[in-house]
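This report concerns only the one structure given below.
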Amino acid sequence: MLKILKYSFFDLMRSRWSYVYLLFYFLLGIVLLFLNNDLSKAVITLMNVIIVLAPLIGTIFGVMYYYNSREFTELLLAQPLKRSSIFLGQYLGVALSLSMSLILGLGVPFLMYGLLQSSAIWNFSLLLITGTFLTFIFTALSFNIALSNENKIRGFGYAMLLWLFLAVIYDGFFLMALILFEDYPLDKLSLVGTMLNPIDLSRTLILLKLDISALMGYTGAIFKKFFGTDYGLILSIFMLILWTILPVMRMVFKAKKKDF
Amino acid sequence: MKHITLLVIMSINALTSAQVVEVCKNCDFKSIKTAIIQAKPFDTILIKKDTYKEHDIEINKPLTIVGQDYPIIDGELKGEILTVVSDSVTVDGLYIINVGTSYTEDHAAVRIKRSTHFTIKNLILEKLFFGIYLEKSNFGKIFNNKIIGEAIQEYNSGNGIQLWYSNNIDIVNNVIEHVRDGIYLEFSNHCLIKNNVSTENLRYGLHFMFSNDNIYQGNTFKNNGAGVAVMFSKNIKMLHNTFMTNWGTASYGMLLKEINDAEIIGNTFHENTIGINIEGSNRIVYKNNDFSHNGWAIKVRGACYTNQFLENNFLYNAFDIAYNSKVNDNVFDHNYWSGYTGYDLDRDGIGDVPYRPVKLFSYLVNRTPETIILLRSLFMDLIDFSEKVSPVFTPDNLLDFHPSTTQIQW
């Protein structure tokens, strides 16, 4: 598995798109920090970008990589290798290289800016952790979709739809539910609703760590009480891990059964 | 007539015969209390630099009490320190510390009781319960004082400057921090509150109720627990004050409740959770104010009629206006909105497209507060945009027909 991981990883690292992705984060980090001079605001803007972009890139890269390396996968399948290690290796290769672009691209400008002395280091670390989680989650989801769909166009479409659903449409339903049931206490509903969507969960986790959480008033206080405690933090990290592990398990299971 | 001339002559006599009574370790008077007992009306008591462990000092005749190089009066936490019960008293240049805390009585560093024409100036008050407490006292001046408390909890801390049934008082150039309410007025009319700095207070920087015809000018209220709360008053003028960084889940720059016929002009609201929270306040003119980087610049809660918002700057607030009804009787005109995306073809400085200051999201949050959980989600940005194009939910007559395209200077 490690060998396949290494191969996939370096294959992607050599590709132009990884550099573009890295360069994008690098430039974004530099522009935000050195033109803005306000670390907390930079973290908010970065959050806006990351919670939309990390899942999107994870989805697109995952689907594209799977379809592009199909022939290579078939070659590997002919070898005496465990199927789970082939697909896990490829998955980890993609997810790790994307995460590395994210962490290096944002980390280097922040280190240059003097992050280590700043108090924003925890907010920033949380941002990177959630960004990495989102990359892992959405790459796994896209591998699942690609495995289930032989047709490239259809697979790509489903993957985009999934991203659109979790990033945008889900919030629409969430909002409708909140307004529909506004006569009832909504604390639990909003907590559960946030927990179920990795993008919402990441957004809430980061927002609550920032000053802007004061805007949320009473609702924010409830959320802070939940997410601010160790229990809440552990539970939300657990949810993110669950969101990563479940698709990965389905991927391995599906790959074992699949007739190539 | 004869009587009056006699009175005048007598008082001039008294003035000219006024003496200076000195208090110090080697003087005739070693304590302030004995000096006051011995002094005649209109004498000056000069307190030399030293530490005086005294409390419950009652000033019952018109005296001028002056400290030289800030003598320390230490109340040893035993109770009230200076109590003025006579007209025309001046207290100047004292360093008063350790006022006793009580749950049954409001001990103050300096209390003025039913007196007029007093002057309290250049005092430094520390480790206090209440700072300067005016009780049914009129026509006084309080200026250049520094009040620094150590309030930690609301229930066992007092206010910096408190006025109760006291009219025509000038409160100028005071610095107040770390008390419960910086300046507190109740049933006090015709006062001038000017150039004070009230910061880091536990509850409100300024708090008044039932206090009409007052002028608040050039004050700074910063980092207070809940900002500034003003309630149940008429004909207030608030000019060129600064409300800054009152940030927290239940904080306001300024909370207006039942304030009628007021003028709020030239103030700066910067980085408050809510710039101004308005409830049941009518006929108020908001003009030339700067609202920048607040969570909500203005939150209109209801029962607010014929208010005018003219020529203000709304700069980079998360929400400019929150409004909870579809009926609008307030006027927004000639303001500058940083979120304005219209154009100005004839280049007269006024945008050709009216501006809608209420976003759909802000409307939704007002209706169902829990929806704030979708703050900064992509979906909210999308529907905000669609609401801007064709309003459905927000009051359709809440418009600024003449949005300025450049920041307004004054």
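The values are calculated or read from the model by the stated rules, or taken from the named source; none is laboratory data. None of these values were measured; they are calculated from a predicted model. Glycine gets a Cβ as well: all are built from the backbone with ideal geometry, and neighbour counts include every protein chain shown. Heads up: the accessible areas ignore ligands, DNA and RNA and are worked out on the full protein's heavy atoms, side chains in. Shrake-Rupley method; radii C 1.70, N 1.55, O 1.52, S 1.80 Å.
A quick yes/no check of all residues on (1) open to solvent by 10 Å² or more (accessible area, probe 1.4 Å); (2) out of contact with any Lys or Arg (no Cβ under 6 Å at 6 or more places or on another chain):
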| site | (1), (2) |
| --- | --- |
| B:Gln162 | yes, yes |
| B:Val175 | yes, no |
| B:Leu192 | yes, yes |
| B:Ser198 | no, yes |
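For the range B:345-369, which positions are within 22 Å of B:Phe332 (Cα to Cα) and open to solvent by less than 30 Å² (accessible area, probe 1.4 Å)?
Answer for the range B:345-369, where residues must be within 22 Å of B:Phe332 (Cα to Cα) and open to solvent by less than 30 Å² (accessible area, probe 1.4 Å): B:Gly349, B:Gly351, B:Tyr355, B:Pro357, B:Val358, B:Leu360, B:Phe361, B:Ser362, B:Leu364, B:Val365.
Of the residues that sit in the range B:379-399 and are crowded, with 17+ Cβ neighbours inside 10 Å and among the β-branched types (Val, Ile, Thr), which one is modelled with the lowest pLDDT?
Per the criteria, the residue is B:Thr394.
For B:Ile372, only one of the following conditions fails: (1) open to solvent by less than 10 Å² (accessible area, probe 1.4 Å); (2) more than 34 Å from the chain's Cα centre (by Cα). What is its number?
It fails just one condition, (2).
Here's the yes/no breakdown for (1) open to solvent by 10 Å² or more (accessible area, probe 1.4 Å); (2) without any contact (Cβ under 8 Å) to a residue 12 or more places away in the chain:
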{"residue": "B:Gln308", "(1), (2)": "yes, no"}
{"residue": "B:Tyr316", "(1), (2)": "yes, no"}
{"residue": "B:Asn335", "(1), (2)": "no, no"}
{"residue": "B:Gly342", "(1), (2)": "yes, no"}
{"residue": "B:Thr405", "(1), (2)": "yes, no"}
{"residue": "B:Gln409", "(1), (2)": "yes, yes"}
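Residues that are within 22 Å of A:Leu208 (Cα to Cα), touching a residue at least 40 places away in the same chain (Cβ under 8 Å) and not in a helix (DSSP H, G or I): does the range A:127-135 have at least one?
Within the range A:127-135, not a single residue is within 22 Å of A:Leu208 (Cα to Cα), touching a residue at least 40 places away in the same chain (Cβ under 8 Å) and not in a helix (DSSP H, G or I).
Go through the range B:52-93 and give me each residue that's within 13 Å of B:Thr116 (Cα to Cα), in a loop (DSSP other than H, G, I, E, B) and out of contact with any Pro (no Cβ under 9 Å at 6 or more places or on another chain).
B:Asn60, B:Val85
Tally time: how many residues in the range B:375-408 are within 33 Å of the chain's Cα centre (by Cα) and of a type in the set (Gly, Ala, Ser)?
Selection size over the range B:375-408: 1.
Confirm whether B:Gly295 is among the small types (Gly, Ala, Ser), surrounded by fewer than 21 Cβ atoms within 10 Å (Cβ to Cβ) and touching a strand residue (DSSP E or B) at 6+ places or on another chain (Cβ under 8 Å).
no
Taking A:Lys41 as meeting all but one of (1) without any contact (Cβ under 8 Å) to a residue 12 or more places away in the chain; (2) away from chain B (no Cβ under 14 Å), write down the number of the exception.
(2)
Scan the range A:246-253 and tell me whether some residue there is of a type in the set (Lys, Arg) and surrounded by 21 or more Cβ atoms within 10 Å (Cβ to Cβ). Working first, answer last.
Filtering the range A:246-253 down to residues of a type in the set (Lys, Arg) leaves A:250.
Then keep just the ones that are surrounded by 21 or more Cβ atoms within 10 Å (Cβ to Cβ); that gives none.
Looking for residues that are of a type in the set (Lys, Arg) and surrounded by 21 or more Cβ atoms within 10 Å (Cβ to Cβ), one finds none in the range A:246-253, hence no.
Run down B:Asn312, B:Asn277 and say which single residue is in contact with a Lys or Arg (Cβ under 8 Å, 6 or more places away or on another chain), open to solvent by less than 20 Å² (accessible area, probe 1.4 Å), within 14 Å of chain A (Cβ to nearest Cβ) and polar (S, T, N, Q).
Only one candidate qualifies: B:Asn277.
Looking at the range B:23-51 only, could you name the residues that are in contact with a Pro (Cβ under 7 Å, 6 or more places away or on another chain) and within 24 Å of B:Ser88 (Cβ to Cβ)?
Within the range B:23-51, B:Pro41, B:Phe42, B:Ile47, B:Lys48 qualify.
Could you say whether any residue in the range B:103-119 is of a type in the set (Gly, Ala, Ser) and more than 26 Å from B:Tyr155 (Cβ to Cβ)?
Looking through the range B:103-119, at least one residue is of a type in the set (Gly, Ala, Ser) and more than 26 Å from B:Tyr155 (Cβ to Cβ).
Can you tell me which condition B:Arg180 does not meet? The list is (1) open to solvent by less than 10 Å² (accessible area, probe 1.4 Å); (2) under 15 Å from B:Phe130 (Cβ atoms); (3) not in a strand (DSSP E or B), and all the others hold.
Answer for B:Arg180: the failing condition is (1).
How about the range A:143-222: which helices (runs of 4 or more DSSP H) wholly inside it have at least 1 residues that are at pLDDT 90 or above, more than 7 Å from chain B (Cβ to nearest Cβ) and open to solvent by 60 Å² or more (accessible area, probe 1.4 Å)?
Filter on the range A:143-222 gives A:152-164, A:170-180, A:187-196.
Kindly list the number of the only condition in (1) within 14 Å of B:Gly275 (Cα to Cα); (2) open to solvent by 30 Å² or more (accessible area, probe 1.4 Å); (3) in contact with a Phe, Trp or Tyr (Cβ under 8 Å, 6 or more places away or on another chain) that fails for B:Met209.
Tallying (1) within 14 Å of B:Gly275 (Cα to Cα); (2) open to solvent by 30 Å² or more (accessible area, probe 1.4 Å); (3) in contact with a Phe, Trp or Tyr (Cβ under 8 Å, 6 or more places away or on another chain), B:Met209 fails exactly one: (1).
Out of all the residues in the range B:379-393, which are more than 11 Å from every other protein chain (Cβ to nearest Cβ) and either assigned to a helix (DSSP H, G or I) or in contact with a Leu (Cβ under 6 Å, 6 or more places away or on another chain) (or both)?
We begin by selecting, within the range B:379-393, every residue more than 11 Å from every other protein chain (Cβ to nearest Cβ); these are B:384-392.
Within the range B:379-393, B:Asp384, B:Phe385, B:Ser386, B:Glu387, B:Lys388, B:Val389 meet the criteria.
With within 14 Å of chain A (Cβ to nearest Cβ) and at pLDDT 85 or above as the only criterion, which of B:Arg376, B:Arg356, B:Arg301 stands out?
On the way: B:Arg376 fails: at pLDDT 85 or above; B:Arg356 fails: within 14 Å of chain A (Cβ to nearest Cβ).
When all the criteria are applied, what remains is B:Arg301.
Looking only at the range B:243-267, filter to residues that are open to solvent by 30 Å² or more (accessible area, probe 1.4 Å) and under 29 Å from A:Lys224 (Cβ atoms); which one of those is farthest from the other protein chains (Cβ to nearest Cβ)?
Within the range B:243-267, the match that is farthest from the other protein chains (Cβ to nearest Cβ) is B:Lys257.
Of the residues that make up the range B:215-229, is at least one part of a loop (DSSP other than H, G, I, E, B), among the small types (Gly, Ala, Ser) and within 16 Å of B:Lys194 (Cα to Cα)? Show your work before the answer.
Within the range B:215-229, the first condition is being part of a loop (DSSP other than H, G, I, E, B), and the residues that meet it are B:218-219, B:223-227.
Checking the rest, the ones that are also among the small types (Gly, Ala, Ser) come to B:218, B:225-227.
Adding the requirement that they be within 16 Å of B:Lys194 (Cα to Cα) leaves B:218.
Yes: one or more hits.
Tell me the strands (runs of 3 or more DSSP E) entirely within the range B:241-348 that contain at least 1 residues that are under 29 Å from B:Val197 (Cα atoms) and within 21 Å of the chain's Cα centre (by Cα). Don't jump to the end; show me each part of the working.
Details: elements: B:242-244, B:254-260, B:263-265, B:268-270, B:274-279, B:285-287, B:290-292, B:296-302, B:308-310, B:313-315, B:319-323, B:331-333.
Strands (runs of 3 or more DSSP E) meeting the threshold: B:242-244, B:254-260, B:263-265, B:268-270, B:274-279, B:285-287, B:290-292, B:296-302.
I want to confirm something. Restricting to the range B:131-156 and keeping residues that are open to solvent by less than 10 Å² (accessible area, probe 1.4 Å) and touching a Lys or Arg at 6+ places or on another chain (Cβ under 9 Å), which single residue is nearest to B:Ile171 (Cα to Cα)?
Here the residue is B:Ile142.
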